[in-house]
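A.B. asks: Dumping the structure here so I can ask a few things about it.
The values are calculated or read from the model by the stated rules, or taken from the named source; none is laboratory data. Here the structure is a predicted model, which means the values were calculated and not measured. Don't worry about glycine lacking a Cβ; one is built from the backbone with ideal geometry, like all the others, and counts go over all protein chains shown. Areas reflect the complete protein model, heavy atoms only, side chains present, ligands, DNA and RNA absent. Shrake-Rupley method; radii C 1.70, N 1.55, O 1.52, S 1.80 Å.
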Amino acid sequence: MSENRRKVALITGAGRGIGKATALVLASKGFDIAVHDIDGTTAAETASLIRQSGVDAESFAADVSNRDAMGAVVSAVEARFGAIDALVNNAGIASDRCPLEQVTEAMFQRSIGVHVAGTLWTTQAAIIGMKQRNAGSIVNLSSIQALVGWSEGATYNAAKGALIALSKGWAKEFAPWNIRVNVVAPGHTETEMTVRNDSAELRAAKAKTIPLGRYARPEEMGEAIAFLASDAASFVTGQVLSPNGGFVIT
Ligand code: NAP
(Lines give C-alpha, C1' and ligand atoms only; values in the text may rest on other atoms or scores of the structure.)
Protein backbone atom coordinates (compact mmCIF):
# COMPACT_ATOMS: atom_id res chain seq x y z
CA MET A 1 0.00 0.00 0.00
CA SER A 2 1.30 3.44 -0.89
CA GLU A 3 2.49 5.59 2.01
CA ASN A 4 1.04 8.56 0.16
CA ARG A 5 -2.51 7.26 0.08
CA ARG A 6 -5.27 9.43 1.52
CA LYS A 7 -6.70 8.51 4.90
CA VAL A 8 -9.99 6.64 5.00
CA ALA A 9 -12.82 6.95 7.50
CA LEU A 10 -15.67 4.48 7.99
CA ILE A 11 -18.70 6.10 9.61
CA THR A 12 -21.65 3.94 10.69
CA GLY A 13 -25.19 5.34 10.54
CA ALA A 14 -24.05 8.07 8.14
CA GLY A 15 -27.20 8.20 6.02
CA ARG A 16 -28.39 11.16 8.03
CA GLY A 17 -27.99 13.18 11.21
CA ILE A 18 -24.68 13.39 13.08
CA GLY A 19 -23.15 10.54 11.02
CA LYS A 20 -23.87 12.30 7.73
CA ALA A 21 -22.53 15.61 9.07
CA THR A 22 -19.40 13.84 10.33
CA ALA A 23 -18.86 12.25 6.93
CA LEU A 24 -19.02 15.67 5.28
CA VAL A 25 -16.68 17.28 7.83
CA LEU A 26 -14.13 14.44 7.55
CA ALA A 27 -14.33 14.65 3.74
CA SER A 28 -13.48 18.36 3.99
CA LYS A 29 -10.47 17.49 6.18
CA GLY A 30 -8.73 15.12 3.75
CA PHE A 31 -10.37 11.75 4.43
CA ASP A 32 -11.92 9.51 1.80
CA ILE A 33 -15.21 8.25 3.17
CA ALA A 34 -16.90 4.87 3.57
CA VAL A 35 -20.52 5.72 4.32
CA HIS A 36 -22.40 2.99 6.15
CA ASP A 37 -26.07 2.86 7.11
CA ILE A 38 -28.84 0.31 7.54
CA ASP A 39 -30.61 2.25 4.78
CA GLY A 40 -28.68 1.83 1.51
CA THR A 41 -30.55 4.72 -0.12
CA THR A 42 -29.60 7.38 2.42
CA ALA A 43 -26.04 6.02 2.60
CA ALA A 44 -25.78 6.31 -1.20
CA GLU A 45 -27.10 9.89 -1.03
CA THR A 46 -24.42 10.88 1.50
CA ALA A 47 -21.71 9.23 -0.59
CA SER A 48 -22.96 10.99 -3.72
CA LEU A 49 -22.92 14.37 -1.92
CA ILE A 50 -19.31 13.77 -0.90
CA ARG A 51 -18.26 12.72 -4.42
CA GLN A 52 -19.80 15.96 -5.74
CA SER A 53 -17.23 17.82 -3.62
CA GLY A 54 -14.44 15.90 -5.38
CA VAL A 55 -13.70 13.46 -2.54
CA ASP A 56 -13.84 9.69 -2.98
CA ALA A 57 -16.74 8.01 -1.18
CA GLU A 58 -18.75 4.81 -1.36
CA SER A 59 -21.80 3.52 0.47
CA PHE A 60 -22.26 0.24 2.35
CA ALA A 61 -25.54 -1.05 3.78
CA ALA A 62 -25.94 -3.40 6.76
CA ASP A 63 -27.59 -3.68 10.14
CA VAL A 64 -24.85 -2.66 12.54
CA SER A 65 -26.02 -5.18 15.15
CA ASN A 66 -25.30 -8.09 12.78
CA ARG A 67 -21.76 -9.33 13.42
CA ASP A 68 -21.30 -11.17 10.11
CA ALA A 69 -22.77 -8.31 8.10
CA MET A 70 -20.45 -5.75 9.71
CA GLY A 71 -17.46 -8.05 9.21
CA ALA A 72 -18.36 -8.13 5.53
CA VAL A 73 -18.72 -4.33 5.43
CA VAL A 74 -15.27 -3.85 6.99
CA SER A 75 -13.74 -6.31 4.50
CA ALA A 76 -15.48 -4.55 1.60
CA VAL A 77 -14.29 -1.12 2.76
CA GLU A 78 -10.69 -2.37 3.12
CA ALA A 79 -10.85 -3.97 -0.33
CA ARG A 80 -12.26 -0.78 -1.87
CA PHE A 81 -10.07 1.82 -0.09
CA GLY A 82 -7.04 -0.19 1.09
CA ALA A 83 -7.45 0.48 4.82
CA ILE A 84 -9.58 2.03 7.54
CA ASP A 85 -7.68 4.77 9.37
CA ALA A 86 -10.59 6.16 11.37
CA LEU A 87 -13.70 4.36 12.54
CA VAL A 88 -16.68 6.33 13.84
CA ASN A 89 -19.23 4.11 15.60
CA ASN A 90 -22.20 6.45 15.29
CA ALA A 91 -25.26 4.35 14.30
CA GLY A 92 -27.93 4.70 16.94
CA ILE A 93 -31.59 4.63 17.78
CA ALA A 94 -33.66 6.88 20.01
CA SER A 95 -34.11 6.25 23.69
CA ASP A 96 -37.07 4.15 24.81
CA ARG A 97 -38.89 6.39 27.25
CA CYS A 98 -40.84 4.43 29.80
CA PRO A 99 -40.79 3.51 33.48
CA LEU A 100 -38.54 0.55 34.29
CA GLU A 101 -41.55 -1.71 34.84
CA GLN A 102 -42.47 -1.31 31.16
CA VAL A 103 -39.06 -2.17 29.69
CA THR A 104 -39.34 -5.29 27.53
CA GLU A 105 -36.68 -7.76 26.48
CA ALA A 106 -37.13 -6.57 22.89
CA MET A 107 -36.43 -2.93 23.86
CA PHE A 108 -33.35 -3.90 25.87
CA GLN A 109 -31.96 -6.24 23.21
CA ARG A 110 -32.49 -3.67 20.46
CA SER A 111 -30.74 -0.85 22.32
CA ILE A 112 -27.83 -3.04 23.42
CA GLY A 113 -27.76 -4.70 19.99
CA VAL A 114 -27.51 -1.50 17.94
CA HIS A 115 -25.36 0.62 20.26
CA VAL A 116 -23.14 -1.83 22.17
CA ALA A 117 -22.99 -4.95 19.99
CA GLY A 118 -22.91 -2.80 16.84
CA THR A 119 -19.90 -0.87 18.12
CA LEU A 120 -18.22 -4.02 19.42
CA TRP A 121 -18.59 -6.09 16.23
CA THR A 122 -17.57 -3.24 13.93
CA THR A 123 -14.53 -2.47 16.05
CA GLN A 124 -13.63 -6.15 16.34
CA ALA A 125 -13.50 -6.40 12.54
CA ALA A 126 -11.69 -3.09 11.94
CA ILE A 127 -9.08 -3.53 14.68
CA ILE A 128 -7.32 -6.33 12.77
CA GLY A 129 -6.15 -4.03 9.97
CA MET A 130 -5.41 -1.17 12.38
CA LYS A 131 -3.13 -3.43 14.44
CA GLN A 132 -1.36 -4.61 11.28
CA ARG A 133 -0.63 -0.97 10.36
CA ASN A 134 0.17 0.12 13.94
CA ALA A 135 -2.17 3.05 13.52
CA GLY A 136 -5.80 3.97 13.87
CA SER A 137 -8.37 6.11 15.57
CA ILE A 138 -11.80 5.09 16.84
CA VAL A 139 -14.54 7.44 18.00
CA ASN A 140 -17.60 6.00 19.72
CA LEU A 141 -20.85 7.94 20.13
CA SER A 142 -22.23 8.01 23.64
CA SER A 143 -24.59 10.69 24.99
CA ILE A 144 -24.95 13.25 27.76
CA GLN A 145 -27.60 10.82 28.97
CA ALA A 146 -24.74 8.56 30.11
CA LEU A 147 -23.07 11.46 31.95
CA VAL A 148 -26.01 12.84 33.90
CA GLY A 149 -28.60 10.05 33.84
CA TRP A 150 -32.02 10.34 32.27
CA SER A 151 -35.23 9.33 33.98
CA GLU A 152 -37.18 6.60 32.18
CA GLY A 153 -34.31 5.88 29.80
CA ALA A 154 -32.95 2.58 31.15
CA THR A 155 -32.15 0.88 27.85
CA TYR A 156 -30.40 3.92 26.34
CA ASN A 157 -28.63 4.80 29.62
CA ALA A 158 -27.31 1.23 29.82
CA ALA A 159 -26.09 1.22 26.24
CA LYS A 160 -24.50 4.66 26.20
CA GLY A 161 -22.83 4.10 29.59
CA ALA A 162 -21.41 0.81 28.36
CA LEU A 163 -19.86 2.57 25.36
CA ILE A 164 -17.83 4.84 27.65
CA ALA A 165 -16.54 1.86 29.66
CA LEU A 166 -15.76 -0.11 26.48
CA SER A 167 -13.89 2.84 25.02
CA LYS A 168 -11.75 3.39 28.12
CA GLY A 169 -10.78 -0.29 28.18
CA TRP A 170 -10.02 -0.32 24.46
CA ALA A 171 -7.92 2.86 24.80
CA LYS A 172 -5.59 0.90 27.11
CA GLU A 173 -5.83 -2.38 25.18
CA PHE A 174 -4.98 -0.86 21.78
CA ALA A 175 -2.47 1.83 22.85
CA PRO A 176 0.54 -0.49 22.21
CA TRP A 177 -0.48 -0.45 18.52
CA ASN A 178 -0.77 3.36 18.45
CA ILE A 179 -4.56 3.07 18.12
CA ARG A 180 -6.53 5.75 19.94
CA VAL A 181 -10.09 5.32 21.21
CA ASN A 182 -12.23 8.25 22.32
CA VAL A 183 -15.87 9.10 22.95
CA VAL A 184 -18.08 11.95 21.85
CA ALA A 185 -21.10 12.34 24.13
CA PRO A 186 -23.41 14.76 22.29
CA GLY A 187 -25.77 17.08 24.01
CA HIS A 188 -29.12 17.99 22.45
CA THR A 189 -28.57 18.00 18.69
CA GLU A 190 -31.11 18.90 16.00
CA THR A 191 -31.43 15.67 13.98
CA GLU A 192 -34.28 13.45 12.84
CA MET A 193 -33.83 11.48 16.07
CA THR A 194 -34.70 14.48 18.22
CA VAL A 195 -37.21 16.04 15.82
CA ARG A 196 -39.14 12.75 15.62
CA ASN A 197 -39.06 12.24 19.38
CA ASP A 198 -39.95 15.72 20.66
CA SER A 199 -42.45 18.34 19.48
CA ALA A 200 -41.19 21.79 18.46
CA GLU A 201 -42.63 23.17 21.71
CA LEU A 202 -40.76 20.60 23.81
CA ARG A 203 -37.51 21.26 21.94
CA ALA A 204 -37.93 25.00 22.54
CA ALA A 205 -38.48 24.34 26.26
CA LYS A 206 -35.44 22.05 26.40
CA ALA A 207 -33.32 24.66 24.60
CA LYS A 208 -34.00 27.06 27.47
CA THR A 209 -32.28 24.60 29.85
CA ILE A 210 -29.06 24.74 27.77
CA PRO A 211 -26.75 27.64 28.74
CA LEU A 212 -26.00 28.41 25.07
CA GLY A 213 -29.77 28.53 24.54
CA ARG A 214 -30.11 26.23 21.55
CA TYR A 215 -29.67 22.72 20.19
CA ALA A 216 -26.42 21.86 18.43
CA ARG A 217 -26.23 21.58 14.67
CA PRO A 218 -25.13 18.10 13.53
CA GLU A 219 -21.97 19.54 11.98
CA GLU A 220 -20.91 20.86 15.41
CA MET A 221 -20.80 17.22 16.56
CA GLY A 222 -19.04 16.37 13.30
CA GLU A 223 -16.25 18.85 14.09
CA ALA A 224 -15.69 17.32 17.55
CA ILE A 225 -15.69 13.78 16.14
CA ALA A 226 -13.36 14.78 13.30
CA PHE A 227 -10.91 16.35 15.79
CA LEU A 228 -10.69 13.09 17.78
CA ALA A 229 -10.54 10.97 14.62
CA SER A 230 -7.70 12.96 13.11
CA ASP A 231 -4.00 13.41 13.88
CA ALA A 232 -4.88 16.76 15.50
CA ALA A 233 -5.73 14.61 18.55
CA SER A 234 -2.63 12.41 18.29
CA PHE A 235 -2.02 12.39 22.09
CA VAL A 236 -5.69 12.05 23.07
CA THR A 237 -7.01 8.62 24.00
CA GLY A 238 -9.55 7.23 26.46
CA GLN A 239 -11.29 10.60 26.75
CA VAL A 240 -14.92 11.69 26.65
CA LEU A 241 -15.64 14.94 24.82
CA SER A 242 -19.15 16.25 25.36
CA PRO A 243 -20.22 19.19 23.18
CA ASN A 244 -23.40 20.13 25.03
CA GLY A 245 -23.72 23.91 25.06
CA GLY A 246 -22.88 23.99 28.77
CA PHE A 247 -25.73 21.65 29.76
CA VAL A 248 -23.20 19.54 31.69
CA ILE A 249 -20.38 21.47 33.38
CA THR A 250 -18.31 19.52 35.88
P1 NAP B 1 -30.39 9.81 13.57
O2 NAP B 1 -30.67 11.13 12.92
O3 NAP B 1 -31.55 8.96 13.95
O4 NAP B 1 -29.37 8.99 12.68
C5 NAP B 1 -28.96 7.70 13.08
C6 NAP B 1 -28.54 6.92 11.85
O7 NAP B 1 -28.21 5.58 12.28
C8 NAP B 1 -29.66 6.79 10.83
O9 NAP B 1 -29.17 7.01 9.53
C10 NAP B 1 -30.15 5.37 11.02
O11 NAP B 1 -30.69 4.78 9.86
C12 NAP B 1 -28.87 4.66 11.41
N13 NAP B 1 -29.16 3.39 12.07
C14 NAP B 1 -30.11 3.16 13.01
N15 NAP B 1 -30.11 1.86 13.35
C16 NAP B 1 -29.14 1.26 12.60
C17 NAP B 1 -28.67 -0.06 12.49
N18 NAP B 1 -29.21 -1.06 13.21
N19 NAP B 1 -27.69 -0.33 11.63
C20 NAP B 1 -27.13 0.66 10.90
N21 NAP B 1 -27.53 1.95 10.95
C22 NAP B 1 -28.54 2.25 11.79
O23 NAP B 1 -29.59 10.01 14.94
P24 NAP B 1 -28.50 11.12 15.36
O25 NAP B 1 -29.19 12.12 16.21
O26 NAP B 1 -27.72 11.55 14.18
O27 NAP B 1 -27.60 10.23 16.35
C28 NAP B 1 -26.31 9.75 15.98
C29 NAP B 1 -25.65 9.18 17.22
O30 NAP B 1 -25.53 10.21 18.22
C31 NAP B 1 -26.45 8.05 17.88
O32 NAP B 1 -25.58 7.06 18.37
C33 NAP B 1 -27.18 8.75 19.00
O34 NAP B 1 -27.53 7.86 20.04
C35 NAP B 1 -26.15 9.77 19.43
N36 NAP B 1 -26.71 10.94 20.14
C37 NAP B 1 -27.56 11.81 19.51
C38 NAP B 1 -28.06 12.90 20.22
C39 NAP B 1 -28.99 13.91 19.60
O40 NAP B 1 -29.44 14.84 20.33
N41 NAP B 1 -29.33 13.82 18.32
C42 NAP B 1 -27.69 13.10 21.55
C43 NAP B 1 -26.83 12.19 22.15
C44 NAP B 1 -26.33 11.11 21.43
P45 NAP B 1 -32.29 4.87 9.59
O46 NAP B 1 -32.63 6.30 9.62
O47 NAP B 1 -32.49 4.26 8.26
O48 NAP B 1 -32.93 4.11 10.72
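A.B. asks: Taking the chain as the reference, fit the longest principal axis to its C-alpha atoms, fit the long axis of helix 67-81 to the helix C-alpha atoms, and give the angle between the two in degrees, 0 to 90, nearest 10.
C.D. replies: 50 degrees
A.B. asks: Translational diffusion coefficient, Stokes-Einstein: compute it for region 120-173 using the Kirkwood radius over C-alpha pairs as Rh, at 37 °C and 0.692 mPa s, and state it as an integer in µm² s⁻¹.
C.D. replies: Translational diffusion coefficient: 265 µm²/s.
A.B. asks: May I ask you to give the solvent-accessible area per residue for region 7-241, in square angstrom, as obtained with a 1.4 angstrom probe?
C.D. replies: The answer is 44 Å² per residue.
A.B. asks: While we're on this one: Counting every Cα pair in region 2-100, what percent are over 16 Å apart?
C.D. replies: Beyond 16 Å sits 52 percent of the P(r) for region 2-100.
A.B. asks: Within straight cross-link reach of residue 160, meaning Cα distance under 16 Å, which aspartates and glutamates are found once same-chain residues fewer than 8 apart are removed?
C.D. replies: 96, 152
A.B. asks: Still on this model: Hey, in the GNM for the chain with a 10 angstrom Cα cutoff, which one of 11, 93, 164 fluctuates hardest?
C.D. replies: 93
A.B. asks: Would you work out which of 221, 186, 154 lies farthest towards the positive end of the dipole of region 149-237? Charges go on Cβ: Lys and Arg +1, Asp and Glu -1.
C.D. replies: 154
A.B. asks: Quote the convex hull volume per residue of region 109-200, based on C-alpha atoms, as a whole number of Å³.
C.D. replies: Dividing the Cα hull volume of region 109-200 by its residue count gives 103 Å³.
A.B. asks: Further question on the same structure: Ignoring ligands, DNA and RNA, what percent of the accessible area of region 7-241 is carbon or sulfur (1.4 Å)?
C.D. replies: Accessible surface attributable to carbon and sulfur in region 7-241 totals 54 percent.
A.B. asks: Report, to the nearest 10°, how far helix 118-133 tilts away from the longest principal axis of the Cα atoms in the chain, using its own Cα long axis and a range of 0 to 90°.
C.D. replies: So the helix axis and the longest Cα principal axis differ by about 30 degrees.
A.B. asks: Bin by bin, in steps of 10 Å, what percent of the Cα pairs in the chain do you find, going until the bin that has the longest distance?
C.D. replies: 8, 33, 38, 18, 3, 0
A.B. asks: Here's a follow-up. Connecting C-alpha atoms closer than 10 Å in a GNM of the chain, tell me which of 44, 106, 61 has the biggest fluctuation.
C.D. replies: 106
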